[in-house]
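Undergrad: For reference, the structure I am asking about is given below.
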Amino acid sequence: MLKNGEREVPLDEVVPASLSMIPALEKTFDAAPEGSKTSHRRLQLANWIATAENPLTARVLVNRIWQHHFGQGIVRSPNNFGFLADPPTHPRLLDWLADEFVQGGWKIKRLHKLILTSKTWQQSSTHPAAAEYAQKDSTNRLWWRSERRRLDAEALRDAMLAVSGELDLRVGGPGFRPTIAAAALEGLSKKSAAWNPSPADAQTRRSLYMFSKRGLLPPMMTTFNFSDATQSCGQRDVTTVPTQALVLMNNPFVHDRSSKLAKSIIENAKHPQEQVAQLWSIVYGRKPTAAETQLAQQHLETQLNRFEKLATTSSQETPAPSAETRAMASLAHVLLNSNEFIYID
């Protein structure tokens, strides 16, 4: 510490230590062992944060994982557990989960399993007594039903790659740079050198491995509330805006996934009814209803006639996909744009 900020007048030495706001947990760091190449301060800080005596760490992490699965945490302000925070809706549940987490060796997979096998998580977003319960708890703070949630940007991108059969599940290794539309690069001074996307086969990896440049994020991801890479994000915003529908309708990434899915369907099923059933099974995980089957077959027939007419009048030098493939891709594109695909009930 310096008197009046003057470096020539030093006062007390500031010793590295833990936070002093909780006297019972305050700890001064030990000097590094003789011959050590590092100060060991970061290791001691990590041990202090993750000690079982620390009342905050386990609760914060448990709350974040609960928020990941339910859309909201037990404490609705995940970045603030202080006096001005939103108090926990179920304090005893938070304490119990935190204790289970610590007693289970701080294993996150074990905690995921505990939450996902609970009756609370397995609830539907609809409830037979919804009218009655809504009178007492209209915001569902007490979790009497599941919250209907939209897939976040990464999960939506990965889901499209998964249904088209392209998702690369390799673990680890270098990340990839996604393709960014030329229009998004227009405002940059060095357009050609500003961004070099990875090869197409590398871009089928999970979004976890996507390289994020703070000043140049992929428009498709930001449209679906990709987190701001310049600051801490305890909880993402969830918006519903017209540009989201426009992205799903027009973005080349979505059309490419629809085409890949269409080719796979046509290769594995020949009859239109079988193709529709397989498409519903892959995208929705269920069988189509009779009405859906009829409408889907009508869509395929209409689009097939349309693309066949376009093929006879087209003068393209490079061969386009067959009319059948384009018709099926059109139907697959409809399903990838649907609420049933984008939202979790």
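The values are calculated or read from the model by the stated rules, or taken from the named source; none is laboratory data. Fair warning: this is a prediction, and the values are worked out from it, not measured in the lab. Heads up, the Cβs are rebuilt from the backbone with ideal geometry, glycines too, and the neighbour counts pull from every protein chain shown. Calculation scope for accessible area: heavy atoms of the full protein, side chains included, ligands and nucleic acids excluded. Shrake-Rupley method; radii C 1.70, N 1.55, O 1.52, S 1.80 Å.
Undergrad: Need pairs with beta-carbon distance below 8 Å; first residue at pLDDT 90 or above and among the β-branched types (Val, Ile, Thr) and within the range 199-212, second outside any loop (DSSP other than H, G, I, E, B) and open to solvent by 80 Å² or more (accessible area, probe 1.4 Å); sequence gap 6+ or separate chains.
TA: If the second residue must be outside any loop (DSSP other than H, G, I, E, B) and open to solvent by 80 Å² or more (accessible area, probe 1.4 Å), no pairs are left.
Undergrad: I need every pair where a residue in the range 279-294 that is open to solvent by less than 50 Å² (accessible area, probe 1.4 Å) has its Cβ under 6 Å from the Cβ of a residue that is part of a loop (DSSP other than H, G, I, E, B), sequence separation at least 6 or different chains.
TA: TRP280/PRO288
Undergrad: On to the next question. Could you tell me whether any residue of the range 179-186 is surrounded by fewer than 17 Cβ atoms within 10 Å (Cβ to Cβ), over 17 Å from VAL254 (Cα atoms) and modelled with pLDDT of 90 or more?
TA: No: zero hits.
Undergrad: Taking the range 194-226 only, how many residues are on the phi < 0 side of the Ramachandran plot and either open to solvent by less than 30 Å² (accessible area, probe 1.4 Å) or touching a strand residue (DSSP E or B) at 6+ places or on another chain (Cβ under 9 Å) (or both)? Spell out the reasoning first.
TA: Our first condition is that a residue be on the phi < 0 side of the Ramachandran plot; within the range 194-226, this holds for 194-224, 226.
Next cut, either open to solvent by less than 30 Å² (accessible area, probe 1.4 Å) or touching a strand residue (DSSP E or B) at 6+ places or on another chain (Cβ under 9 Å) (or both) only: 194-195, 197-199, 201-207, 209-211, 216, 218, 220-221, 223-224.
Residues flagged as on the phi < 0 side of the Ramachandran plot and either open to solvent by less than 30 Å² (accessible area, probe 1.4 Å) or touching a strand residue (DSSP E or B) at 6+ places or on another chain (Cβ under 9 Å) (or both) within the range 194-226 amount to 21.
Undergrad: Another question, then. Out of the residues in the range 7-46 that are part of a loop (DSSP other than H, G, I, E, B) and hydroxyl-bearing (Ser, Thr, Tyr), state the one that is least open to solvent (accessible area, probe 1.4 Å). Explain how you work it out, then say what you get.
TA: The first filter runs over the range 7-46 and keeps only residues part of a loop (DSSP other than H, G, I, E, B), leaving 7-9, 11-16, 18-22, 26-27, 29-40.
Checking the rest, the ones that are also hydroxyl-bearing (Ser, Thr, Tyr) come to 18, 20, 36, 38-39.
Values: SER18: 13, SER20: 76, SER36: 44, THR38: 79, SER39: 54 Å².
Checking each candidate, the answer is SER18.
Undergrad: Now for a different question. Residues that are assigned to a helix (DSSP H, G or I), aliphatic (A, V, I, L, M) and open to solvent by less than 40 Å² (accessible area, probe 1.4 Å): does the range 308-322 have at least one? Step through it out loud before you land on a result.
TA: To start, the set of residues in the range 308-322 that are assigned to a helix (DSSP H, G or I) comprises 308-313.
Filter once more, keeping what is aliphatic (A, V, I, L, M): 310-311.
Within this subset, residues satisfying the condition of being open to solvent by less than 40 Å² (accessible area, probe 1.4 Å) are none.
No, the range 308-322 has no match at all.
Undergrad: Would you please name the residue that is most open to solvent (accessible area, probe 1.4 Å), looking only at residues in the range 228-240 that are small (Gly, Ala, Ser) and touching a Ser or Thr at 6+ places or on another chain (Cβ under 9 Å)? Step through it out loud before you land on a result.
TA: Start the filter on the range 228-240 by keeping residues that are small (Gly, Ala, Ser), which leaves 229, 232, 234.
Okay, now just the ones that are also touching a Ser or Thr at 6+ places or on another chain (Cβ under 9 Å), so 229, 234.
Values: ALA229: 38, GLY234: 14 Å².
For the range 228-240, the residue satisfying everything is ALA229.
Undergrad: Give me the residue from the range 241-272 that is open to solvent by less than 30 Å² (accessible area, probe 1.4 Å) and either of a type in the set (A, V, I, L, M, F, W, C) or in contact with a Gly (Cβ under 8 Å, 6 or more places away or on another chain) (or both) and, out of that set, modelled with the lowest pLDDT.
TA: First, the residues of the range 241-272 that are open to solvent by less than 30 Å² (accessible area, probe 1.4 Å): 244, 247-248, 254, 257-258, 261-262, 265-266, 269.
Now restrict to residues that are either of a type in the set (A, V, I, L, M, F, W, C) or in contact with a Gly (Cβ under 8 Å, 6 or more places away or on another chain) (or both): 247-248, 254, 261-262, 265-266, 269.
On the way: VAL247: 92, LEU248: 93, VAL254: 94, LEU261: 95, ALA262: 95, ILE265: 94, ILE266: 93, ALA269: 85.
That would be ALA269.
Undergrad: Suppose we filter ASP137, ASP152, ASP201 for residues that are farther than 29 Å from HIS90 by Cα and among the acidic types (Asp, Glu); which single one remains?
TA: Details: ASP137 fails: farther than 29 Å from HIS90 by Cα; ASP152 fails: farther than 29 Å from HIS90 by Cα.
So the residue among ASP137, ASP152, ASP201 that is farther than 29 Å from HIS90 by Cα and among the acidic types (Asp, Glu) is ASP201.
Undergrad: Could you give every pair whose Cβ atoms fall below 9 Å, whose first residue belongs to the range 76-100 and is farther than 21 Å from THR139 by Cβ, and whose second residue is open to solvent by less than 40 Å² (accessible area, probe 1.4 Å) and part of a loop (DSSP other than H, G, I, E, B), counting only separations of at least 6 or pairs across chains?
TA: From the range 76-100, the pairs are LEU97/ILE74.
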